[in-house]
Amino acid sequence: MQTLVSQLTTTFVDDALELVKGFGKVVVHLATAPIERIANACDVGGVLAARRSAPHRLYAISKNRGSRSRRKFSFSPFSSLSHLT
């Protein structure tokens with residue numbers, strides 16, 4: 001049986017961690033919002049909207065494009081954009 005003090009302590013620590021996580025999400029959102037606005041403004045062909053709505057479909061398209069897509073795994077952060085070339 002836990003004491004009241006240990007329950008209050010664990011509750012306080014859990015709430016403090018969630019508060020820090022929430023503030024972190026807000027900071028990340030504020031930092032990336034201008035980048036997202038620029039990306040959406042530059043998205044002439046609607047590629048970003050298509051990627052958000054059906055990411056598995058674009059992966060299948062890029063996978064069937066020939067010899068370049070025969071690689072099964074890539075460490076490149078831009079490998080998901082290979083269908084644009």
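The values are calculated or read from the model by the stated rules, or taken from the named source; none is laboratory data. What you see is a predicted model, and the numbers here were worked out from it, not measured in a lab. Positions of Cβ are generated from backbone atoms using ideal geometry, with glycine treated the same way; all protein chains shown enter the neighbour counts. Ligands, DNA and RNA are stripped out before the accessible areas are found, and what is left, the full protein with its side chains, is counted by its heavy atoms. Shrake-Rupley method; radii C 1.70, N 1.55, O 1.52, S 1.80 Å.
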Review point. Before we move on, is residue 85 of a type in the set (Ser, Thr, Tyr) and at pLDDT 70 or above?
Key: no
Check your understanding: If you go through segment 4-57, how many residues are farther than 30 Å from residue 84 by Cβ, hydroxyl-bearing (Ser, Thr, Tyr) and either open to solvent by less than 60 Å² (accessible area, probe 1.4 Å) or not in a helix (DSSP H, G or I) (or both)?
Key -> 1
